[in-house]
Amino acid sequence: MPAFKELVFSGVQPTGNLHLGNYLGAIKRFVAMQAQFECLYCVVDLHAITVWQDPAELTRQIREVTAAFLAAGIDPARSVVFNQSQVPQHAELAWIFNCVARLGWLNRMTQFKEKAGKDRENASIGLYDYPVLMAADILAYRATHVPVGEDQKQHLELTRDIAQKFNNDFSAAIQQHGHGEAFFPITEPLIGGPAARVMSLRDGTKKMSKSDPSDYSRINLTDDSDAIAQKVRKAKTDAEPLPSETAGLEKRPEADNLVGIFAALSEASREDVLREYGGAQFSAFKGALVDLAVAKLGPIGAEMKRLVADPGHIDAVLADGAARAEAIAAPNIAAVKDIVGFVRRR
Ligand code: AMP
Ligand code: TRP
């Protein structure tokens, strides 16, 4: 595999409230990657409309996710912050990938099965095709690294399969046009840390999710200190004190989740947290977790509120990001058109 320039890409959907899982599994890690890599962070509004979105609410959510990126510490001067629909190359490459990806591959996608539920016949074609658009998001920039939560693992495997098949199917043309052995990198998923999968506060076996009907299941980035405190105090636990070793968290999903959240918020490991809190009762541990969560999330929520009050500023950040994103994607898609054999306008 030839060397590709290291580039990070990730996306977040502008649907529903951003929660602690989005923050710890994704956005907090996006911030950290900026020190080491060139990064693109995208508000994926084309993905959002795979299920019905009220138009005015969608507009609001696109700005709110952008505000969350900035409030969490993504620097729009250094990283490219933009929304997907402003860069036409995403949809364009998705069509070409629709003709590379196989029906059998998409039929195996578990997230589609979950989201479509029983009424599969009534799901949008976009919902089915969602992972192909995601591959196009990443590969339009030939991104090499993608930080995401664990729920996106299967989609990233599909991205790798699409890149591989494109590279194989078109290998002669790729060489002929001077791109060497492979046009697309085989993207590395970056999934990890103590909060790759943050669970519901009401049920440690269910993922924390924007779509859970109970607001007590999640901490939203815009929750105030009182709401954070109430939700942590009401979080489901078991009757035992905390163990002193991580092995003692097995089969205790709620304890494991709260310890993982504490670890991620304090940039420590589960082992570190248990070294300090092993033997503690949940009442004491939850008190410390409330203080930590309020200290870390409070300023982000406040900054988000300040930023969304100035939509003109947010829209300017998005426009600047879109222009910079397009400058990277456009030559890549032009090269793809040559490789496929289209006649380009010259
Ligand atoms: P979404 O809101 O579905 O666009 O997700 C945005 C990012 O947050 C993706 O990288 C997800 O993998 C991540 N994410 C969503 N829910 C969770 C969770 N409960 N725990 C960890 N990461 C999550
Ligand atoms: N599917 C991702 C999610 O729901 C969002 C997403 C869209 C994404 N395109 C992407 C993530 C490209 C990483 C890279 O969380």
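Points worth noting:
- Sparse-neighbourhood loop sites, trypsin sites (Lys or Arg not before Pro) in the stretch 1-86 - DSSP loop, at most 16 other Cβ within 10 angstrom: LYS5, ARG78
- Length gained on full extension, ASN17 to SER214: 69.7 nm, using 0.36 nm per residue less the C-alpha separation.
- Label point of ALA227 set 7 angstrom out along Cα-Cβ; within the stretch 303-320, amide nitrogens under 12 Å from it belong to 305.
- Full extension of the chain between LYS251 and LEU58 yields a length gain of 65.5 nm, computed as 0.36 nm times the residue separation minus the alpha carbon distance.
- Short-range pairs are left out: with C-alpha atoms under 8 Å and at least six residues apart, the relative contact order of the chain is 24 percent.
- For the stretch 259-264, 3J(HN,Hα) computed residue by residue from phi via the Karplus equation (6.51, -1.76, 1.60; θ = phi - 60°) reads 5, x, 5, 4, 4, 5 Hz, glycine and proline entered as x.
- Relative contact order, percent, the stretch 33-166 [alpha-carbon distance under 8 Å, six or more residues apart]: 29
- The stretch 87-138: trypsin sites (Lys or Arg not before Pro) falling in loop per DSSP and having at most 14 other Cβ within 10 Å: ARG102, ARG108, LYS118
- With at most 11 neighbouring Cβ atoms within 10 Å, loop chymotrypsin sites (Phe, Trp or Tyr not before Pro) (DSSP) excluded, longest segment of the chain: 53-341
- In terms of surrounding Cβ atoms within a 10 Å radius of their Cβ, THR59, THR110 rank from fewest to most as THR110, THR59.
- Cβ-placed point charges (K, R +1; D, E -1), dipole of the stretch 83-216 about Cα centre in debye, nearest 20: 300
- The phi-based Karplus calculation (6.51 cos²θ - 1.76 cosθ + 1.60; θ = phi - 60°) puts the 3J(HN,Hα) values of the stretch 323-329 at 5, 5, 5, 5, 5, 7, 6 Hz, whole numbers, x for Gly and Pro.
- Spatial offset of the stretch 1-44 relative to the stretch 181-208 amounts to 11 Å, using the alpha carbon center of each.
- Max mean-square fluctuation residue, GNM over the chain, Cα-Cα springs under 10 Å, options LEU258, LEU274, LEU20: LEU274
- Exposure proxy for SER244, SER79, SER211: other Cβ atoms within 10 Å of each Cβ, ordered fewest to most, give SER211, SER244, SER79.
- Percent of beta bridges antiparallel (DSSP, the chain, rounded to nearest 5): 10
- Dipole of the chain, positive direction: furthest Cα of PRO213, LEU201, ASN332, with charges on the beta-carbon: ASN332
- With the simple spin-label model, which puts each label point 7 Å out from Cα in the Cβ direction, the ASP238 to GLN36 separation comes to 3.4 nm.
- For the stretch 146-195, average projected area of the Cα convex hull in nm²: 3.6
- For the stretch 64-119 versus the stretch 227-289, the inter-centroid distance based on Cα atoms is 33 Å.
- Distance violations [Cα-Cα > 28 Å] among LYS113/LYS165; LYS210/LYS337; LYS28/LYS286; LYS28/LYS231; LYS236/LYS296: LYS210/LYS337
- Charges were assigned to the Cβ only: +1 to each Lys and Arg, -1 to each Asp and Glu. The resulting dipole of the chain about its Cα centre is roughly 460 debye.
- In the chain, taking the dipole from charged Cβ atoms about the Cα centre, the farthest positive-side position among GLY126, ALA268, ILE27 is held by GLY126.
- Rg/Rh for the stretch 1-136, where both radii come from Cα atoms and Rh is the Kirkwood radius: 0.98
Values in this text are rule-based calculations from the coordinates and carry no lab data. Because the structure is predicted, anything quoted here is derived from the model rather than measured. Glycine gets a Cβ as well: all are built from the backbone with ideal geometry, and neighbour counts include every protein chain shown.
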